[in-house]
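Take a look at the structure below.
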Amino acid sequence: MLIAFFSQNKYIIPIARWQAFINKTEISIPYRIDRNPDTTDVERVFINPEAGTNCELLVHSIVSARGFELPRLRSSDLYEDTNYTSLVEDISQAQTGDIIGLSPINKNGFRGIHVAMIWIDDSKKIHIVHNARHTGGVRLQTLEDAMQHPEHARIAWIKRPIRENPTLLQSEKLRELDFGYLARDL
């Protein structure tokens, strides 16, 4: 069964296998462990999405395009950060654009936590946009569905970007890649 939703623009995006459509040309954003914030500038994701990302690079790229600064922090450092993000105490306080860390139930510490972006739809259902090794590419899933995977079974933390930088804002790029529902206009 194929489940789809409408983004803020005119495209239909299949949730079962997320893919962006630009000028009716299918563009996948594959999972690539070697393309992370340590090795790839966030701007490169929008220039060449077919080159892929890991979960951290995808999140950093979206945060930047939403007009927020986020240094090249790995998921283990993101939890500790207080200069660029603030802790969201509970999932009930989450907002579109927050960063969520997911982990296995029995994981200790924050190294290697899977990170994703939160999107809350009009019916207040929480979704995540993420790029996980087991999916092979970027996906949009309900949080509930994503947490069915053993590697994402527990919410480790939720962080909200707080350091705005309007010069980074690239809402048009988010819309081009059908992340329009995450776009933010100042």
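No value in this document is a laboratory result; all are computed from the given coordinates. All figures in this text were calculated on a predicted structure; none of them were measured in a lab.
Divide, for segment 125-168, the radius of gyration over alpha carbons by 2.2 N^0.38 Å, where N is the residue count.
1.42
For segment 21-96, what are the per-bin percents of Cα-Cα distances with bins 10 Å wide, up to the bin holding the maximum?
Result returned by the calculation: 17, 44, 29, 9, 0.
Would you mind checking which residues have amide H under 5 Å from I126's amide H? H placed 1.01 Å from N; only 5 or more apart, or other chain.
L143
Find, to one decimal place in angstroms, the Kirkwood hydrodynamic radius of segment 4-182, where the mean of 1/r is taken over every pair of different Cα atoms and then inverted.
16.1
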